1. In the range 229-257, how many residues are modelled with pLDDT of 95 or more and over 18 Å from Ile206 (Cβ atoms)?
2. Considering only residues that are open to solvent by less than 80 Å² (accessible area, probe 1.4 Å) and of a type outside the set (A, V, I, L, M), look in the range 94-104 and name the one that is farthest from the ligand (Cβ to nearest atom).
3. Evaluate the following for Ile136: is it of a type in the set (A, V, I, L, M), away from the ligand (no atom under 16 Å from the Cβ), under 31 Å from the mean Cα position of the chain (by Cα) and open to solvent by less than 50 Å² (accessible area, probe 1.4 Å)?
4. Only one of Ile103, Ile113 is out of contact with any Phe, Trp or Tyr (no Cβ under 9 Å at 6 or more places or on another chain) and in a helix (DSSP H, G or I). Can you tell me which?
5. Select from the range 4-14 the residues that are within 46 Å of the chain's Cα centre (by Cα) and either surrounded by 16 or more Cβ atoms within 10 Å (Cβ to Cβ) or within 16 Å of the ligand (Cβ to nearest atom) (or both) and list them in ascending order.
6. Answer with yes or no whether Gln379 is surrounded by 12 or more Cβ atoms within 10 Å (Cβ to Cβ), at pLDDT 80 or above and more than 46 Å from the chain's Cα centre (by Cα).
7. Give the residues of the range 249-269 that are hydrophobic (A, V, I, L, M, F, W, C) and open to solvent by 10 Å² or more (accessible area, probe 1.4 Å), sorted by residue number.
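The values are calculated or read from the model by the stated rules, or taken from the named source; none is laboratory data. Here the structure is a predicted model, which means the values were calculated and not measured. Cβ placement follows ideal geometry from the backbone for every residue including glycine, while neighbour counts extend to all protein chains displayed. The accessibility values were calculated without ligands, DNA or RNA, using every heavy atom of the protein model including side chains. Shrake-Rupley method; radii C 1.70, N 1.55, O 1.52, S 1.80 Å.
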Amino acid sequence: MEVAYLINDRIFLEEERRVLEDQETSYNIIIKSIEDKYRVHSDKKAFTCICCKQAVSMVLRQDKFHFKHLGEGCPSSENYRQYTKQIKEEENEQPHRIGKTIIRTYLEGQLKIHNVEVQEGYSYRKSLKIIPDLIIYFPGGDIWVVDYITGKKQVEAYNSFIKKRKEVYENEGFKYFFFIDKAWLSSEHPNIKAVSLYPAENQMLIQLEQDQLWEVWIANLILKTDEEFLLNHLFGLERTFKEQLTLEVRSLLYVDPAEGTALVQRLVRLDSKWGLNIFRTEISLEKAASLDSAKNYFQWIDEDEETQRMKLEEDVIAAYRKFEKEQKDKIEQELSKEVYKKKLVNIDSNKVTSHYTHQSAKFTPQSNTTLSELFVKLQEQTIDIDEALVLYDYYKGSKIYKNRDELEEVRGLARTMMGPISNPNYLDRRLREILINLALL
Ligand SMILES: [Zn+2]
């Protein structure tokens, strides 16, 4: 393995070599420098295994600097072999090595105060089928594992590798976290606020406390507005997608180790390939490697997230009010168009009725009801609608109005009875027809 204890210090051989390489030190000088520094300690059996604490010796081979058990190996030697193979086969070896080292440094820095131990995953005291990059031992006995994901994302085999990885971790009772390389992050769909996901990525979604808060937030906003409006407003999503949505919010963390930054992406799961972007925020890698206040998860949260959520809620509600107003105006317009149409129909029907004047002329209402009396009866509902229609037709056909004032009064009363156009009173369809006609007399 690449790491061993020297008293309580961990010596990472490969990392020391790489630091020297970066300074453009020649291979011979690197060997000399490390030999000078550690050979005698190694000969005195001062290096011990991070897993079994047995003595290990330093081996400097051109392809790898490592420590080897003097006697029989322990689970970690087997884990290390497996890990080296796994990284070669599944990950993007070079960037993975660098990124993992940086992430480990951040974790060590942030978790020190909690008295936890951050170790190489292969140091686990039991051989595992899939080896985590890093393993975190908590004083209470909890074990978390962290993986830096740089793998062959588009390959289906990588998807099953992640699936197996999760199974191994779950069987061991590990809590696991994926730090996904930012190269995996997709930009948004051009029209819909959605990001595409690799199958493996879809498997790495995690539910954090903030995700639950966002879920509640969405559910409440649906009650305050309506689902179709909300999905359209938040995501530009058309009704056709609606059926598939369960409105579950999950998160992913993308990291850029070299920049020391991370990005929290919260998604509403759409299907296995797409997630709707509900919230995305950049945080420092330092923060992404810190524990939350309950020490249940890492702090994958924006400090301002609650405020931003409230602000967004206000925006959504304001937009909904505007939308409602527009809908109302539209109805109002349509109604006045309807009234206008009625007017035209009315003129037409006047012409039509003129053909039947000889018939209508024969008709005389039973009572001597005037126009305003007819209106009062309509209001008090003491007249049958059919009878009212006959009476109305009679008045219209005969054009017998008592006087201009009565006509004006009836028009006004009919309008009042119908209520404002934007918010009309609920009336029988035929009664409304009579009232419209009365209003247009
Ligand atoms: Zn050992």
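1. Step one: filter the range 229-257 for residues modelled with pLDDT of 95 or more, giving 249-257.
Going one step further and asking which of them are over 18 Å from Ile206 (Cβ atoms), we end up with 256-257.
Matching residues across the range 229-257 total 2.
2. Within the range 94-104, the subset open to solvent by less than 80 Å² (accessible area, probe 1.4 Å) is 95-97, 99-104.
Keeping just the survivors that are of a type outside the set (A, V, I, L, M) gives 95-97, 99-101, 104.
Details: Pro95: 29, His96: 24, Arg97: 22, Gly99: 26, Lys100: 21, Thr101: 22, Arg104: 20 Å.
Looking at the filtered set, the residue picked out is Pro95.
3. On the way: of a type in the set (A, V, I, L, M): yes; away from the ligand (no atom under 16 Å from the Cβ): yes; under 31 Å from the mean Cα position of the chain (by Cα): yes; open to solvent by less than 50 Å² (accessible area, probe 1.4 Å): yes.
The answer is yes for Ile136.
4. Just a single option satisfies the conditions, and that option is Ile113.
5. Residues of the range 4-14 within 46 Å of the chain's Cα centre (by Cα): 4-5, 8-14.
Listed by number, the residues that qualify are Ala4, Tyr5, Arg10, Ile11, Phe12, Leu13.
6. Numbers: surrounded by 12 or more Cβ atoms within 10 Å (Cβ to Cβ): yes; at pLDDT 80 or above: yes; more than 46 Å from the chain's Cα centre (by Cα): yes.
So Gln379 fits the description; yes.
7. Just the residues of the range 249-269 that are hydrophobic (A, V, I, L, M, F, W, C), to begin with: 249, 252-253, 255, 258, 262-264, 267-268.
Residues satisfying the conditions are Ala258, Leu263.
One line per residue, one yes/no per condition, for (1) among the aromatic types (Phe, Trp, Tyr); (2) farther than 29 Å from Asp142 by Cβ; (3) modelled with pLDDT under 95:
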{"position": "Ser33", "(1), (2), (3)": "no, yes, no"}
{"position": "Cys52", "(1), (2), (3)": "no, no, yes"}
{"position": "Asp63", "(1), (2), (3)": "no, yes, yes"}
{"position": "Glu90", "(1), (2), (3)": "no, no, yes"}
{"position": "Gly109", "(1), (2), (3)": "no, no, no"}
{"position": "Val118", "(1), (2), (3)": "no, no, no"}
